[in-house]
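S.K.: Mind looking over this structure? Questions follow.
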Amino acid sequence: MNSNQTPAQNTEPIKDVRQSTSRQLVAIIFVLGLATKMFMLPVFLIRTSGRDAYIALAVFCAIDLISLVFGIIALKLSPDTDFFALLQNTLGKPFAKLVSLIIGLFMFAKLTIATTETVTYYADNATSDFKMPFMIIIFMVFLVAVSAHTLRSICRLNEFVAPVIIVCIVVLATIVLATGFDFANILPVMRDPALFKKALFSHSVWLGDFTPIILFVGRTKLKKYTGVCVGAAGFFSCIVSVFIAITMCAAFGNVPQLVDAGTNLSSILQFALGNAYGRIDMMSSVLWSVGAFIEVAVFFYCASRCFAYVIGRNEHFWIGVVLAVTLYVLQVFVFGDTTMFALTVSCVPFSAVMAALSLFIPLLALVCAAVNKRKTGAKAQGGTESETEEQRGENKENSAASETPCALSESKERLGAPEQSNGGAQ
């Protein structure tokens with residue numbers, strides 16, 4: 001090898017691990033914020049707290065937005081290091097694997113809830129001859145394919161679907177306003193604070209919709225206003241979710257006993273419009289519900305990546321198969337009965353754990369990103385100081401080397417002068 005070759009010439013180009021653009025991240029956050037909050041969550045909240053259900057949902061949205069802020073800060077602090085590397089650099093490999101296992105279980109729980117809601121929606125609204133096991137099998141094939149692909153693939157798919165979802169929201173909002181809902185039914189508020197408190201503590205399993213942002217840390221091409229745009233997308237999706245809850249409270253706030261697991265915005269609009277217009281809401285509702293498929297895919301991807309890190313193997317396809325089989329068994333043999341699902345999601349201890357993890361996970365990403373940035377900065381500063389000391393030493397050696405000939409010549413001149421004087425004297 002040529003000794004004159006610089007180290008930069010020997011260095012291979014670094015592979016870009018960023019698999020998402022800022023625009024794709026904004027679209028993902030928007031869909032995650034509202035995809036599953038439009039199905040069964042308003043139903044359970046209305047059953048528990050009546051017309052105050054939309055306030056409880058607003059509180060959930062506020063907590064989710066706080067977790068989103070944590071994730072955005074982590075994105076900014078660690079633009080080049082992904083989440084699993086942050087965990088390993090901060091906690092060490094054993095604790096990083098333990099934390100990843102807990103996060104993977106959390107993602108799988110969110111995945112199960114979102115899948116159950118989606119299947120229930122199509123079973124009650126899409127067709128009367130709906131074959132749930134058959135649809136779930138097709139759904140599982142889709143999810144396994146998702147686990148075998150990269151984050152970039154999900155982002156591109158969502159980027160295509162998001163504009164359609166926005167158009168459907170506009171259509172449904174127009175229908176709501178055209179039907180003339182009596183929004184005065186949501187008043188007065190807080191007639192029974194005890195029931196409102198019960199709703200908050202019993203249904204907080206729906207918190208954590210923005211937690212997948214942790215896997216975008218270090219893998220997103222950030223721009224100057226990425227954080228602001230991501231926060232705005234999350235806020236707007238929460239506004240839409242609260243609007244849906246207000247509409248359902250206006251319809252059922254006085255008679256919460258009439259709402260059931262299959263009640264949603266689509267059925268309410270059909271009742272308000274009557275049969276004269278047909279199911280003009282159906283097309284927009286079904287297209288809008290496609291967002292739930294995106295959310296399920298995102299949580300499935302996150303769960304598979306967490307478990308892959310735990311076992312230390314990139315067998316994403318087979319991990320996806322195991323998760324899909326487990327999810328199928330739960331959907332067909334456990335949560336096929338909506339009563340079992342209602343008991344599970346209303347369990348206070350389970351809700352408390354899910355609520356705590358929904359804040360802990362993005363906060364952990366933030367703390368690890370801050371610690372890693374501080375360590376990196378300290379190493380960079382130490383490296384700069386050592387390089388400065390080496391440069392100083394080199395400068396001293398160079399100056400010494402440059403001064404030596406002068407000193408020799410001066411000594412020779414000094415020695416030569418007496419000889420000349422002596423010679424002259426002789």
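S.K.: Once phi is turned into ³J(HN,Hα) by the Karplus curve 6.51 cos²θ - 1.76 cosθ + 1.60 with θ = phi - 60°, what whole-Hz value does each residue of the stretch 236-241 show in order, with x for glycine and proline?
M.R.: After applying 6.51 cos²θ - 1.76 cosθ + 1.60, I find 5, 5, 5, 4, 4, 4 Hz.
S.K.: Could you calculate the FRET efficiency of Tyr122 with Lys76 from 1/(1 + (r/R0)^6), where r is the beta carbon distance between them and R0 is 45 Å, rounded to 0.05?
M.R.: Details: r = 39 Å, r/R0 = 0.87.
The computed FRET efficiency comes out at 0.70.
S.K.: While we're here: Can you list the HN-Hα couplings for the stretch 352-366, worked out from phi with the Karplus curve (6.51, -1.76, 1.60; θ = phi - 60°), rounded to whole Hz and with x for Gly and Pro?
M.R.: 5, 5, 5, 5, 5, 5, 5, 8, 5, 4, x, 5, 4, 4, 4
S.K.: How many nm separate the modelled label positions at Tyr225 and Asp192, each set 7 Å beyond the Cα in the direction of the Cβ?
M.R.: 4.7 nm
Rule-based calculations on the coordinates, nothing more; no lab input. Model, not experiment: these values are computed from the prediction. Cβ atoms come from the backbone with ideal geometry, glycine included; neighbour counts cover every protein chain shown.
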